[in-house]
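Take a look at the structure set out below.
The numbers here are math on the coordinates, done by the rules we state, and not lab data. Because the structure is a prediction, the values reported are computed rather than measured. All Cβ positions, even for glycine, are placed from backbone atoms using ideal geometry, and neighbour counts span all protein chains on display.
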Amino acid sequence: MSLKKIASIFIALLICSSTAYGSVPWMAFSQDGAVFVAQLDGQGKTKLAEGYDPEISPDGKQVAFTAYSKEGDRTIAVVNRETKKIKHVKTIPGKNSYGPRWSPDGSRLLLNHWDDVKMDWTIGLMNLESDSFAILIKNHTGLYSPFWSHDGFAFAQDLENLFKIDVLANKLEESRPLSEVIGESYPSSAIHFSCSPDGERLLFDCDVEADKSWSSLGEPLISAIFMFDMKGGKTARLTDQTICAVHPSWLPTGNGFIFSGYTPKDANKKGSPFSVYGQDLEGGTPKLLLKGGSQPSSSR
């Protein structure tokens with residue numbers, strides 16, 4: 001069976017299982033310095049804006065992303081998937097915020113925010129309904145990788161610990177050593193987490209040592225995707241040495257995920273080597289969904 005046929009079957013299964021949730025999921029992704037959307041079957045591919053770090057809202061109607069200027073400023077914007085109308089969020093102080101993450105109810109955004117006073121990275125909270133901004137747990141700096149739990153708690157990490165934050169009270173709820181989550185992989189400020197729809201599992205990407213197929217290309221490390229069981233406390237690697245895999249995002253069913261990655265054959269190609277892939281939780285060969293895309297996210 002050809003790879004194209006396998007991918008078609010994978011997409012068909014995703015779409016059939018997703019209809020129980022009311023509609024075919026949309027995904028947002030970046031390509032050539034711009035933000036796009038498409039359905040999982042590739043239909044409806046549309047360019048929405050210039051930018052990167054796109055994340056589609058849970059209902060699939062809006063995409064939050066990082067906008068950039070010629071001067072190097074990074075700011076947060078939201079674009080409507082249907083009308084393409086862009087709203088630049090102007091109540092966030094400073095000129096260096098990136099990587100917005102939607103809350104489960106679609107009303108707020110977490111983001112990486114550079115605090116010009118403390119001169120360090122913090123986690124920002126943008127309330128889109130009240131147009132208000134706040135920094136979470138101000139006594140903690142050097143924070144990265146913000147993401148939401150399924151029930152509205154915020155999480156972030158500082159390379160040593162994973163913090164759970166009560167957003168409403170703006171206080172630290174609990175923390176655990178990051179090593180308990182990522183295992184033997186290497187931590188970085190760029191880890192991308194995604195919480196499962198049922199709140200019981202985390203997907204994340206981390207660097208691991210590469211085998212000869214990669215080290216011969218001058219890449220001693222590659223990124224792999226892992227899953228952490230929140231209750232059982234066990235971590236399992238989901239992608240193997242055949243692909244460098246980053247930026248996982250759960251699909252609505254919780255039975256699979258999408259991510260961006262590239263193979264050793266793609267490593268030396270001109271332009272970005274990344275493409276969008278899909279994979280189920282049983283592992284196996286990743287299915288190519290869209291060539292040339294990166295940083296994918298799925299609606300719920």
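Which residue fluctuates most in the GNM of the chain (Cα springs below 10 Å): R176, R108, R237?
Fluctuation is largest for R176.
How much FRET efficiency would the formula 1/(1 + (r/R0)^6) give for T285 and H150, where r is the Cβ-Cβ distance and R0 is 22 Å, rounded to 0.05?
0.15
Okay, helix-only estimate at 222 nm for the chain: each DSSP H run of n ≥ 4 adds -39500 (n - 2.57), divide by all residues, round to 500 deg cm²/dmol; what do you get?
About -2500 deg cm²/dmol.
For the residue pair D115 and E160, what label-to-label distance in nm results when each label sits 7 Å from Cα along the Cα-to-beta-carbon direction?
That separation, rounded to one decimal, is 1.7 nm.
Taking Cα atoms of the range 203-300, Rg/Rh with Kirkwood Rh, to two decimals?
Expressed as Rg/Rh, it is 0.97.
From the Cα trace of the range 3-298, what convex hull volume per residue do you get, rounded to a whole Å³?
About 137 Å³ per residue, rounded to a whole number.
Say R0 is 45 Å: what FRET efficiency, to the nearest 0.05, do D131 and R176 get from their beta-carbon distance?
FRET efficiency, D131 to R176: 0.85.
For the range 60-70, just list the computed ³J(HN,Hα) in residue order, Karplus coefficients 6.51, -1.76 and 1.60, θ = phi - 60°, integers in Hz, with x standing in for Gly and Pro.
x, 8, 9, 10, 8, 7, 8, 8, 9, 10, 5
At R0 = 30 Å, how high is the FRET efficiency between K269 and D41 if r is their beta carbon distance? Nearest 0.05 is fine.
Once rounded, the FRET efficiency stands at 0.75.
Over 22 Å between Cα atoms: which of K171/K234; K61/K84; K265/K291 fall into that group?
K171/K234
Near P220, within a Cβ-to-Cβ distance under 13 Å, what is the net charge of the other residues, with Lys and Arg +1 and Asp and Glu -1?
Neighbour charge sum, excluding P220 itself: -3.
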